[in-house]
1. Would you pick out the residues in the stretch 157-169 that are buried (at least 17 other Cβ atoms within 10 Å of the Cβ) and in contact (Cβ under 8 Å) with a residue 24 or more places away in the chain?
2. Answer yes if at least one residue in the stretch 158-166 is within 15 Å of the chain's Cα centre (by Cα) and closer than 29 Å to Lys195 by Cβ, and no otherwise.
3. Just give me the residues in the stretch 137-156 being touching a Pro at 6+ places or on another chain (Cβ under 8 Å) and surrounded by fewer than 18 Cβ atoms within 10 Å (Cβ to Cβ), in sequence order.
4. Quick one: in the stretch 88-102, of everything that is of a type in the set (Gly, Ala, Ser) and closer than 14 Å to Leu117 by Cα, which residue is surrounded by the most Cβ atoms within 10 Å (Cβ to Cβ)?
5. Which is modelled with pLDDT under 85, surrounded by 15 or more Cβ atoms within 10 Å (Cβ to Cβ) and out of contact with any helix residue (DSSP H, G or I) (no Cβ under 7 Å at 6 or more places or on another chain), of Val40, Val33?
6. Check Glu96 against each of (1) modelled with pLDDT of 95 or more; (2) in contact with a His (Cβ under 6 Å, 6 or more places away or on another chain) and name the one condition it does not meet.
7. In the list Leu154, Leu187, Leu176, which residue meets the criterion of being of a type outside the set (Phe, Trp, Tyr) and within 15 Å of the chain's Cα centre (by Cα)?
8. Scan the stretch 117-131 residue by residue and report those that are surrounded by 12 or more Cβ atoms within 10 Å (Cβ to Cβ) and closer than 18 Å to Arg30 by Cα.
Amino acid sequence: MRLSRVVGVGGPVGFLLASVGYAVSVTMARTFVSLESHCVQACPVVRVEGFQFHHFYYGLILSAVSLGMLLLSRRRRVRWDASLFFGMGIGLMADETGFLFLGTTYDSTLSFFIVGLVAAVFILAALYTASTAGLLEFKSLDRADVLTFASIVLVIVGMVIFDRPFRFVLEVVGVLAWSTALVLLGLYGGTHMRKLQLTSGPKRAD
């Protein structure tokens, strides 16, 4: 399969979705870190033969897979979906870069600077592609697309349900987020998936 000639992460819509994914993943990662700092029980930690899986590595896997989709796919909506997940993966990586590789803490100035710098890159890229390519691409978005993207974001938000110790408010938020996401996916996810299979995007998306 040939590499796609489409440059970027899906044009203005793709960069906007990547920015949204980035913001959501950083916010959720920071929320978990904040909650775990007050953990009075054994907090859930994934280890494989003694190796601890920090969320940086989840982000690395997620961004690598989505980047592969961006490189290989020429379909506009596939690239939009990949852009959302790419932003999420980069957010998880940026959030923990300072802690894992620069010897700083999550709440240090350097850590916040890294997160802010990457956020600025996404935002500026979105503004640049919008100014050069125009906003016509946004007219291709329909209700099924927007609400499917919203359901994916809600799935991520719902992961607060895994926090320990038990917090009733977070459990309610998690259940509501997942329930809403399930309803939205049931109503609009099928339409979105059919468009992924049938609709080919332009040769250039930005």
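The values are calculated or read from the model by the stated rules, or taken from the named source; none is laboratory data. Please read all numbers here as calculations on a predicted model, not as lab measurements. Glycine gets a Cβ as well: all are built from the backbone with ideal geometry, and neighbour counts include every protein chain shown.
1. Val157, Val160, Asp163
2. yes
3. Phe138
4. Gly91
5. Val33
6. Every listed condition holds for Glu96 apart from (1).
7. On inspection, the qualifying residue turns out to be Leu154.
8. Result: Val118, Ala119.
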